[in-house]
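Peer 1: Once you've had a glance at the structure underneath, I'll fire off some questions.
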Amino acid sequence: MTFHELINKYVSSYNSINDMRELTAKIDCFVEDVREVHPELVTKFLLHVDLLLNPHFTKETAEYATSQMQNKDGSAGTHWDYATTAQILAGLKYNFQTSDWYYVLNMMYSDYYQQGFDDKVYTELAVDFLDDKDAPDCKAKKYYLAMHH
């Protein structure tokens with residue numbers, strides 16, 4: 001039996017939140033056993049679960065997502081670090097979630113790089129992306145998942 005088959009059977013007989021908590025506790029014990037032997041595998045697994053379950057980026061998931069970027073300028077990974085993007089956001093009149101902002105600002109550089117563009121151009125593009133009035137809530141994370149999962 002696969003884990004997927006087991007979970008499907010469990011879900012069909014799911015009776016209470018306590019059943020789900022018990023299942024989660026068993027999975028957590030397994031994950032911690034695996035961590036002892038393969039900590040990097042557990043870190044990657046939890047990162048991917050976090051990417052799927054949280055509506056916004058966390059600092060860790062945003063740093064992972066930006067580290068995977070192949071930038072138009074020929075470089076790879078993050079262009080601005082988290083602290084720098086947080087400082088830029090603090091100077092704006094917008095109340096974006098910091099980790100979403102970090103991801104989107106780096107994404108704008110990655111996708112729209114042009115020699116001669118200054119940081120203000122990428123900031124304006126990122127604001128436009130996140131301040132899109134007809135976009136769904138949590139647009140940054142939904143966009144990332146649509147592109148990568």
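The values are calculated or read from the model by the stated rules, or taken from the named source; none is laboratory data. Note that the structure is predicted; figures quoted are calculated from it, not measured. Note: ideal-geometry Cβ built from the backbone for every residue, glycine included; neighbour counts use all protein chains shown.
Peer 1: Before we move on, is THR78 at pLDDT 95 or above and assigned to a loop (DSSP other than H, G, I, E, B)?
Peer 2: Details: at pLDDT 95 or above: yes; assigned to a loop (DSSP other than H, G, I, E, B): yes.
The answer is yes for THR78.
Peer 1: Restricting the search to the range 9-23, which residues are surrounded by 10 or more Cβ atoms within 10 Å (Cβ to Cβ) and either under 14 Å from VAL49 (Cβ atoms) or of a type in the set (A, V, I, L, M) (or both)?
Peer 2: Within the range 9-23, VAL11, MET20, LEU23 meet the criteria.
Peer 1: Given the structure, is HIS56 closer than 28 Å to GLU124 by Cα, touching a Cys at 6+ places or on another chain (Cβ under 7 Å) and in contact (Cβ under 8 Å) with a residue 24 or more places away in the chain?
Peer 2: Considered against the rule, which asks whether it is closer than 28 Å to GLU124 by Cα, touching a Cys at 6+ places or on another chain (Cβ under 7 Å) and in contact (Cβ under 8 Å) with a residue 24 or more places away in the chain, HIS56 comes out as yes.
Peer 1: To continue, here is another question. Of all the helices (runs of 4 or more DSSP H) wholly in the range 85-148, which have at least 2 residues that are in contact (Cβ under 8 Å) with a residue 40 or more places away in the chain and surrounded by 15 or more Cβ atoms within 10 Å (Cβ to Cβ)?
Peer 2: Values: elements: 98-112, 119-130, 139-148.
By residue number, 98-112, 139-148.
Peer 1: Quick check: anything in the range 39-50 acidic (Asp, Glu), surrounded by 14 or more Cβ atoms within 10 Å (Cβ to Cβ) and at pLDDT below 95?
Peer 2: First pass over the range 39-50, keeping only residues acidic (Asp, Glu): 40, 50.
Next, from what is left, pick out any that are surrounded by 14 or more Cβ atoms within 10 Å (Cβ to Cβ): 50.
Okay, now just the ones that are also at pLDDT below 95, so 50.
Yes: one or more hits.
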